[in-house]
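Rule-based calculations on the coordinates, nothing more; no lab input. Nothing here was measured: the structure is a model prediction, and the numbers come from that model. Cβ sites come from the backbone with ideal geometry, for glycine too, and all protein chains shown count toward neighbours.
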Amino acid sequence: MRDDPIAEVLDDLLKLDDVLACMVARCNMISVMPDNDKFKGDVMQIWDIIHRAMDDVFGVIREYSQAGLGEIDFRLQDCEVLFYVFPDTESALVAIIPALSNKGLIEVEMENARRDILRIMDEQEKKRLVTA
Amino acid sequence: MGCKIAEFQAAVGMSRKWDAREAGREVARNTIGKLDRPPTFVLLFSTIHYKDHGGFQELLNGVWDVLPKDTPLVGGTVAGFLNNYGCFTRGAAALTVSYPNMDVAVGIGKNTRKNPKKAAEKCAQEIIKKQNRSFVNNILLNMLPGPERPSFFGKDLPIVSNQGLIASLGPKYLEMSVKYLQKGQGLEEDVIKYLAASIQDYIIFGGSSADSNDLIANYQFMNEEVSKNSLVALGLNTDLKVNFAHSDGLKPTGIKFKITKKAQDSRIIKELDGKSAADTFFGEIGIPREYLDDRILRTTFFYPLGFKTNDGYMCPNTIGAVLKDSIAFNYSIESDEIELLTTSGRMLLAAVDEAINSLQIKKPKVGLIISCLARLETLGANIFKVRDKLISYFQEAPFLLIYSCGENIRFPNEESHHFNETFNILVGTDNSYSS
């Protein structure tokens, strides 16, 4: 995990005060996630319900990603959960933020993180093809 | 990104490092490293995050580990920035110019809330005293303190207080807090008015420093010094051709109100049309008072209240706080009549095109854009589209857009203006330019 460049991007995002938790995930699977002792606030107390809601949202992402679905978010209790979909995939960068946060500013860093992760995935795919 | 043509050089750079000292070194290296000669001046901006990652003095120390001694530097904290490299709400950014036909002087005026006149006059005098005026154009770039929420018995004053002690005492407390504690509105419009009166023949172009829209704390930089509550300015005397454009993307709705009761030099409105200001405003935009919380700004940024100035500018003013029946604004409303304005994401983006298309310089060599953080908060990740428009215009030329908590402009011998929610672009080119 330490040498995982995607994990480094997520660790960076998690350093922002208003990002309570973040991960790269798809339906029923979390691909990359920082140590959850780095998660902030009360997010772990409502983690189960958020996790179940996330899986339902990934059902929508699976249906519409190929049609150009870019982002989805929902509010649950005192949190908002943001999904930044990786184009034409069933995966997304997911972040949990407080409902009262300055969402516009966080969106910019979410977009930066999505672009960084896409670049990393692209490079990993190219390396894989070269060595195959 | 750098532009090296003939004698004129300009560059922008940035850092995304978390550690303040390392970020300072990196942003300075990335910026002046693109020049062939020492910089004539540097503008430095950072987001608020360095407060908890070493502090702003360490950020400046890192910059000065790299910058040549005595390079004039001004700047401050901002909510975000975008440049040739991307869009960011965390990091540090700089813009530098190296040009022999440019004389530069910096000035500072402290305690802007306690005494705006004294601060502005002192800053202006420092610049006038140091500046030779052998060239035709005079520009004063400035940064001044933006609003900061006062504390009320140890807690930050909430943005919305509908009842209780805070709601009742809030307006009076805000007035006293600005005067005695230097917390509250920035009084920027007063500072700029006195600055303009002291330095008549300069184009004034600047912004209010900000944090990440929490309105807790913001800082200004001048040379090696980090300040709070200071006006910092950089005077340029130069033969560079400059061009300016201003836009807002706001549409008057035709819904007007008469201000019938106000306070704090027209920064707090207590009554509109003889009734509770808060009830009248929120009733008009269709938000029940019981739904209001600190996310209010996400909505009210789309509904600023504006007034027309004598010289035809529409001054949009965003809500700072709701204190029972009163609405506190970020700056004073200089009219007894205000109008509800509205906007949308599409209109905010169109304002960028409007500004760019109105510029006479079609091939700039450098650009500085000062835009309101309200636009950043409402557009969110759509500011990447703002950047796309700027890249199309600037091409390879370096540019830097900062998101501030208020914007100010003044053309020589005209009235000064302070705004919210606007987009202001200043571009320059050298004399090799022909239209």
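Partner shielding of A:107-120 amounts to 4, given as the average count of beta-carbon atoms from other chains within 10 Å of each residue beta-carbon. Between the C-alpha center of the stretch B:277-299 and that of the stretch A:92-132 there is a gap of 35 Å. Using the Cβ-Cβ distance between B:Asp388 and B:Leu169 with R0 = 41 Å, the FRET efficiency computed as 1/(1 + (r/R0)^6) comes to roughly 0.30. Using only Cα atoms, tell me the angle between helix B:345-358 and the longest principal axis of chain B; keep it within 0 to 90° and round to the nearest 10. On a 0 to 90 degree scale, this one is about 40.
Just subtract the alpha-carbon distance of B:Asp70 and B:Asp279 from 0.36 nm times their residue separation and send over the number in nm, one decimal.
Numbers: separation 209, 0.36 × 209 = 75.24 nm, distance 5.41 nm.
Full extension of this stretch gives 69.8 nm more.
Residue separation of A:Gln45 and A:Asp78 scaled by 0.36 nm, minus their Cα-Cα distance, works out to 10.7 nm of gained length. With respect to chain B, whose longest principal axis is taken over its alpha-carbon atoms, helix B:188-198 is tilted by about 50°. When shorter helices are ignored and each DSSP H run of at least 4 residues is given -39500 (n - 2.57), the per-residue value for chain A at 222 nm works out to -14500 deg cm²/dmol. Taking every C-alpha pair closer than 8 Å and separated by at least 6 residues, the mean separation divided by the residue count of chain B gives a relative contact order of 20 percent. Peptides B:28-41, B:164-177 ranked from most to least packed by the mean count of surrounding Cβ atoms within 10 Å: B:28-41, B:164-177.
How high is the FRET efficiency from A:Cys27 to B:Ile255, r the C-beta distance, R0 35 Å, rounded to 0.05?
On the way: r = 47 Å, r/R0 = 1.34.
The pair A:Cys27/B:Ile255 has a calculated efficiency of 0.15.
Placing dummy labels 7 Å off each Cα toward the beta-carbon, the span from A:Asp17 to B:Ser344 is 3.4 nm.
Among B:Ile327, A:Ile49, B:Ile285, which comes first, then next, by fewest other beta-carbon atoms within 10 Å? Spell out each step's value before the answer.
Values: B:Ile327 26, A:Ile49 11, B:Ile285 14.
With the sparsest Cβ surroundings first, the list reads A:Ile49, B:Ile285, B:Ile327.
Pick from B:Ser212, B:Ser344, B:Ser247 the residue whose mean-square fluctuation is largest in a GNM of chain B, springs joining Cα atoms under 10 Å. Most flexible of the set in this elastic network: B:Ser344. By the count of neighbouring beta-carbon atoms within 10 Å, fewest first, B:Phe257, B:Phe45 end up ordered B:Phe257, B:Phe45. For the pair A:Gln66 and A:Ile120, label points projected 7 Å from Cα toward Cβ lie 2.8 nm apart. Between B:Thr253, B:Thr47, B:Thr318, the residue with the greatest mean-square fluctuation in the GNM of chain B (Cα pairs under 10 Å linked by springs) is B:Thr253.
Let me check against my output: what whole-number percent is the relative contact order of chain A, with C-alpha pairs under 8 Å and at least 6 apart? All intermediate terms of the calculation are to be shown ahead of the outcome.
Details: 177 pairs, mean separation 33.5, N = 132.
Relative contact order for chain A comes out at 25 percent.
Evaluate the stretch A:42-81: find the radius of gyration of its Cα atoms, find its Kirkwood radius, and give the ratio Rg to Rh. Please list the in-between numbers first.
Details: Rg = 11.5 Å, Rh = 11.0 Å.
Dividing the radius of gyration by the Kirkwood radius yields 1.04.
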